[in-house]
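The values are calculated or read from the model by the stated rules, or taken from the named source; none is laboratory data. Computed from a prediction, not measured in an experiment: that's the story for all the values here. Using ideal geometry, Cβ is built from the backbone for each residue, glycine included, and neighbour counts are taken over all protein chains shown.
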Amino acid sequence: MADKKKRFKWPMIIMACILFLLLIGKITQSIYSIDKEYISVKVNSEKIEKGIKLMTETKESDSYTSFMSIPFSKIEEIDQPINYWAIEQEESFYEEVKQTEVLLDEDVSGHFNLHTDVYQINDHIYNYALNVEHFLQNDRKYSQVKTYMIDLQTNSFLSFSDIFDTDKIKSENIWNLLNDDSKKQINETSFKENFSNLDNINWIVNNDMLIIYINPKQLEKSNDTLAVEIPLIKLHKNIKKPYLKIIISDSLTEEIKQVEKKDARKKLQLDKDGKYIALTFDDGPHDQVTQQILESLKQYDAKATFFMLSNNVKYYPDIANQVLKDGHELANHSESHVNLNATNKKRIDDELLNSKTVIEEVTGITPSLFRPPYGEYNQKVIDLANDSDQSIILWSIDTLDWKSRNAKSIYNITINKARPGAIVLMHDIHQTTADALPLVLNELSKQGYEFVTVSELLTLFEDEGIGPYYGN
Ligand code: ZN
């Protein structure tokens with residue numbers, strides 16, 4: 001009985017092996033040709049991404065074992081150089097094993113491992129990181145990483161200088177962006193010499209990071225590759241335009257926009273010799289005039305401040321929000337334009353505070369500037385403005401647009417009185433003001449003025465130690 005069982009077992013094992021191999025997938029011929037004798041060689045392929053397969057090969061010989069997984073795109077221009085590089089690595093390891101055997105005069109156990117990480121950038125651009133590890137006598141002796149960026153649309157490799165503007169970014173810049181811990185491990189001279197041509201670096205981009213693999217030759221001590229990360233937000237200015245959207249995520253794009261806005265403001269604050277003027281528009285928003293004014297400001301890339309009545313904000317919430325969206329400042333001009341010098345404390349409270357609350361509710365921003373109607377205010381108004389963190393802002397040039405209702409007159413007054421640091425009073429409720437604005441913007445631009453918000457102008461003055469600005 002026992003004999004019978006044994007006889008039936010062998011064919012079953014062979015069948016199982018064949019089934020197993022069929023399940024693994026297509027058995028392909030080795031794409032490598034190393035001129036040595038192996039006990040066994042197995043090659044299979046695994047599809048990992050559209051258009052890219054990972055060819056896996058294991059080998060066993062007397063003195064060492066090897067494992068390689070190499071990306072395969074069926075595009076010869078891409079696959080061939082990668083294969084050559086992989087073969088070179090394996091051959092040099094083979095030499096190392098042989099030399100060690102001669103040196104020690106005994107057989108050594110070695111293992112060569114090459115595994116590939118594939119990072120998809122978009123539907124046709126990929127990063128490969130080929131990780132090589134050398135093990136001798138059960139110990140890892142060495143590791144290095146080789147990277148490629150491939151484009152399946154153009155059947156070509158993309159180099160560092162294809163993606164980054166290497167006229168602007170140099171190895172010194174990269175060095176300066178490394179953290180202190182990384183710097184300690186890297187030999188600065190070797191790093192800068194080797195990467196004087198940045199196309200020599202091994203790099204990938206992943207999760208809005210530039211990851212650079214520093215191989216042992218550039219390291220102070222280690223025989224293992226060091227991976228260092230540099231946030232792309234620090235390098236985005238050096239990414240070539242066509243690749244900017246490909247390389248960085250939408251959320252980082254948004255973050256960069258915010259940072260740039262802040263930077264622009266900072267720059268503005270620091271430029272003390274600038275020729276700035278603040279246009280202000282009171283009593284709106286108005287359904288037609290405000291929009292016309294916004295259009296003109298946009299044409300001249302001018303920023304302005306709109307002192308709004310909260311009753312009008314309630315009535316035209318979309319226009320109030322459009323003002324903010326266009327990058328202008330929205331400020332408080334009371335609830336109903338009552339003369340604060342002619343009313344009681346309760347009404348002053350309402351006019352300053354209710355209006356502030358309404359603006360917050362409608363637009364989500366908290367106004368920090370208050371302009372009293374008619375420029376009329378008293379100590380109660382000053383105290384309440386202080387308590388509610390609203391600076392009182394008047395003006396230095398009154399265009400009298402409310403009185404003249406004449407575009408030519410508004411233009412003449414503004415141009416004649418214009419000077420750096422001026423705050424110009426206008427109203428976005430009169431058609432004649434909207435008509436005068438393009439002429440004013442045109443002439444003042446020609447004279448070299450830049451149009452800023454009141455808060456921006458104030459920061460400039462605060463920098464100079466002049467203090468809050470209350471008009472003339
Ligand atoms: Zn007013």
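Couple of notes before you dig in:
- Any hit, region 367-375, residues being in a loop (DSSP other than H, G, I, E, B), within 16 Å of the ligand (Cβ to nearest atom) and either hydroxyl-bearing (Ser, Thr, Tyr) or closer than 14 Å to residue 281 by Cα (or both): yes
- Residue list for region 299-314, restricted to those being within 16 Å of the ligand (Cβ to nearest atom) and not aliphatic (A, V, I, L, M): 305, 306, 307, 310, 311, 312
- Inclusion of residue 174 among residues that are more than 21 Å from residue 132 (Cβ to Cβ), crowded, with 19+ Cβ neighbours inside 10 Å and in contact with a Lys or Arg (Cβ under 7 Å, 6 or more places away or on another chain) is not warranted.
- When 191, 157, 195 are screened for being modelled with pLDDT of 95 or more, hydrophobic (A, V, I, L, M, F, W, C) and farther than 30 Å from residue 103 by Cα, only 157 passes.
- Qualifying residue in region 297-305 (condition: closer than 23 Å to residue 424 by Cα and of a type in the set (Gly, Ala, Ser)): yes
- Looking at 84, 126, just one residue is surrounded by 19 or more Cβ atoms within 10 Å (Cβ to Cβ) and among the hydroxyl-bearing types (Ser, Thr, Tyr), and that residue is 126.
Every residue, every condition in (1) under 20 Å from residue 85 (Cβ atoms); (2) polar (S, T, N, Q); (3) at pLDDT 90 or above, yes or no:
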| residue | (1), (2), (3) |
| --- | --- |
| 105 | no, no, no |
| 108 | no, no, no |
| 111 | yes, no, yes |
| 115 | yes, no, yes |
| 134 | yes, no, yes |
| 140 | no, no, no |
| 143 | yes, yes, yes |
| 146 | yes, no, yes |
| 151 | yes, no, yes |
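Yes/no per residue for (1) more than 30 Å from residue 405 (Cβ to Cβ); (2) in a strand (DSSP E or B); (3) within 16 Å of the ligand (Cβ to nearest atom):
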| site | (1), (2), (3) |
| --- | --- |
| 252 | yes, no, no |
| 280 | no, yes, yes |
| 286 | no, no, yes |
| 297 | no, no, no |
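- Filter result (touching a residue at least 24 places away in the same chain (Cβ under 8 Å) and closer than 25 Å to residue 316 by Cβ) within region 337-347: 337, 338, 339, 340
- Any hit, region 158-166, residues being in contact (Cβ under 8 Å) with a residue 60 or more places away in the chain, aromatic (Phe, Trp, Tyr) and surrounded by 18 or more Cβ atoms within 10 Å (Cβ to Cβ): yes
- If only residues of region 87-123 that are among the hydroxyl-bearing types (Ser, Thr, Tyr) and assigned to a strand (DSSP E or B) are counted, the one that is surrounded by the most Cβ atoms within 10 Å (Cβ to Cβ) is 116.
- Meets criteria (surrounded by fewer than 19 Cβ atoms within 10 Å (Cβ to Cβ) and of a type outside the set (Lys, Arg)) for residue 148: no
- Selection of region 207-219 for residues being surrounded by 13 or more Cβ atoms within 10 Å (Cβ to Cβ) and charged (D, E, K, R) yields only 208.
- Tabulated pairs, region 361-381, first small (Gly, Ala, Ser), second within 13 Å of the ligand (Cβ to nearest atom), C-beta under 7 angstrom, 6+ apart or interchain: 375/394
- Residue 165 under 23 Å from the mean Cα position of the chain (by Cα) and of a type in the set (Asp, Glu): yes
- Selection status of residue 126, assigned to a strand (DSSP E or B), out of contact with any Phe, Trp or Tyr (no Cβ under 6 Å at 6 or more places or on another chain), more than 25 Å from residue 140 (Cβ to Cβ) and modelled with pLDDT of 85 or more: yes
- Residue 298 passes every criterion in (1) touching a residue at least 60 places away in the same chain (Cβ under 8 Å); (2) surrounded by fewer than 24 Cβ atoms within 10 Å (Cβ to Cβ) apart from (1).
- If you go through region 442-460 and pick out every residue that is in contact with a strand residue (DSSP E or B) (Cβ under 7 Å, 6 or more places away or on another chain) and at pLDDT 90 or above, you end up with 7.
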